[in-house]
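**Q** Quick one: this structure, given as structure tokens, is what I'll be asking you about.
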Amino acid sequence: MDIPRIFTITESAHRIHNPITPEKLATLGAALRLEPGTRVLDLGSGSGEMLCTWARDYGVIGTGIDMSQLFTAQAKLRAEELGVADRVTFIHGDASGYVSDDKAGVAACVGATWIGGGVAGTIELLARSLRPGGIILIGEPYWRQVPPTEDVAKGCLANSIADFLMLPELLASFGWLGYDVVEMVLADQDGWDRYEAAKWLTMRRWLEANPDDELTKEVRAQLTSEPGRYAAYTREYLGWGVFALMPR
């Protein structure tokens, strides 16, 4: 069980696999008013930066589940590095359908709502692991401006314009599902730059070290095209945020 290898190549040097900076991640933790001992469940936990830093800074405990063997191993190393390995656990596995026996004060899926088949299904899944009075976290893209054509949407790596909503509509959609939006932290362009541009140096170093790998042509093609694609499309049209929800 693993994610496609191209992602572990391009994001192998990332600590955060979303367009959010460490500072914004800390802001999110502070905004949630986390108390020591709060249990956090993180579906699609990546390299574990959110759980590990919140355990260090706010005293939370919790579990992360991710399909990537590399990212799960990196998360365990990060927990040891920050001295929180006794407070957080990382599991290599399929998070879709995962329900925790120990109900969480915060149940999160930050940037991986495919786990539940979309936003609504992921919220429903997270709710099954949430204690009364707890908070659900959803990380999701939205359109900063509606793409003028379907080709522009595809340039943002969406399948179509219908894949995402504008921010007001996204916020309203949570209400239609029966949830109050109680906080949000939005990525800025620096966060997007750090997420996307950091891949380019990683790809270049990988190409230098792996000239005969079967993915060399694919990585070379991405390194050649991605800076221009990102600047023309994603950076202009796509937003991203983490939204804190409580059931009504």
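**Q** What relative contact order, as a whole-number percentage, does the range 64-156 give when Cα pairs under 8 Å and 6 or more residues apart are counted?
**A** Computed value for the range 64-156: 24 percent relative contact order.
**Q** In percent, how large is the relative contact order of the range 3-108, given Cα pairs closer than 8 Å and 6 or more residues apart?
**A** Reported relative contact order: 29 percent.
**Q** Using a Förster radius of 45 Å, what is the FRET efficiency between residue 198 and residue 124 based on their Cβ-Cβ separation? Nearest 0.05, please.
**A** Computed FRET efficiency for residue 198 and residue 124 comes out at 0.85.
**Q** Here's another thing I want to ask about it. Once you have a ≥ b ≥ c as the square roots of the Cα gyration tensor eigenvalues for the range 115-248, tell me rounded if a/c is under 1.5, and otherwise prolate or oblate according to whether a/b is larger than b/c.
**A** prolate
**Q** Would you work out the relative contact order for the chain, in percent, from Cα pairs under 8 angstrom that are 6 or more residues apart?
**A** 22 percent
**Q** If you don't mind, there's one more thing I want to ask. Taking only the alpha-carbon positions of the range 5-140 and ignoring solvent, what does the Debye formula give for the base-10 log of I(q)/I(0) at q = 0.15 Å⁻¹?
**A** Those come out to -0.64, one per q.
**Q** Another one. Mean Kyte-Doolittle of at least -1.0 plus a Cα span of 15 Å or more along the axis: flag which DSSP H helices in the chain meet both, please.
**A** Within the chain the helices that satisfy the rule are 69-81.
**Q** Find the centroid of the Cα atoms in the range 13-61 and in the range 115-136, then give the distance between the two in whole Å.
**A** One Cα centre to the other: 17 Å.
**Q** Using the per-residue mean of other Cβ atoms lying within 10 Å as a proxy for protection, in what order, highest first, do the peptides 210-223, 63-76, 164-177 fall? Let's see the in-between values first.
**A** Working: 210-223: 12.9, 63-76: 21.5, 164-177: 15.0.
Output ranking for 210-223, 63-76, 164-177: 63-76, 164-177, 210-223.
Bear in mind these aren't lab numbers, they're just calculated from the coordinates by the rules spelled out. For clarity, every value in this text was computed on a predicted model and none was experimentally measured. Note that each Cβ is placed from the backbone with ideal geometry, even for glycine, and that neighbours are counted across all protein chains shown.
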